[in-house]
């Protein structure tokens, strides 16, 4: 009987440990911002609705961003972004699937500088990408941060000649998100 109880206790701890290895973005904690600077105007948009999943035992990370959720200061910019550039009806999501290359000590709090390598799919184009960032563990949560640049031409995003001076060819992107252990509901 005692051996059965010990085996059951080990099994419960193993299951809890394996569940705790999957993290997801906390509701409302993700902030993705892009910035375009050009001779005529600066454009900023923010998206707070990305889905992020991280497996700490394999270092795999996946991010899905609903492109239509980018919000602009001006409705006309938002409409042009969705209809003319990103074609969100045809390409509703931007997806990144990759792996964090450095080991992260999930047993202690602290910040780790990382590189993430994977495939970015956006506007119907899939491209290998590598981004620098940080993963900061605090208690049972982790915060991910990265800044990178996207060349519009790399993802077949065309800017009509009328707007070439309004939109930069290279867009700055910032991602900040707090992740928590995934728990089935």
(message) I'm trying to understand the selection: among the residues of the range 124-140, which are surrounded by 12 or more Cβ atoms within 10 Å (Cβ to Cβ) and more than 16 Å from the chain's Cα centre (by Cα)?
(response) 125, 137
(request) Please enumerate the residues belonging to the range 88-120 that are buried (at least 17 other Cβ atoms within 10 Å of the Cβ) and over 19 Å from residue 57 (Cβ atoms). (result) 88, 91, 94, 96, 120
(request) Looking only at the range 147-162, decide whether some residue is in contact with a strand residue (DSSP E or B) (Cβ under 6 Å, 6 or more places away or on another chain), surrounded by fewer than 15 Cβ atoms within 10 Å (Cβ to Cβ) and more than 21 Å from residue 33 (Cβ to Cβ). (result) yes
(message) Quick check on my filter: what residues within the range 67-85 are more than 23 Å from residue 128 (Cβ to Cβ) and either in a loop (DSSP other than H, G, I, E, B) or touching a strand residue (DSSP E or B) at 6+ places or on another chain (Cβ under 8 Å) (or both)?
(response) 69, 70, 71, 72, 73, 74, 77, 78, 81
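Bear in mind these aren't lab numbers, they're just calculated from the coordinates by the rules spelled out. Fair warning: this is a prediction, and the values are worked out from it, not measured in the lab. A quick note on method: Cβ atoms are made from the backbone with ideal geometry, for glycine too, and the neighbour counts reach across all protein chains shown.
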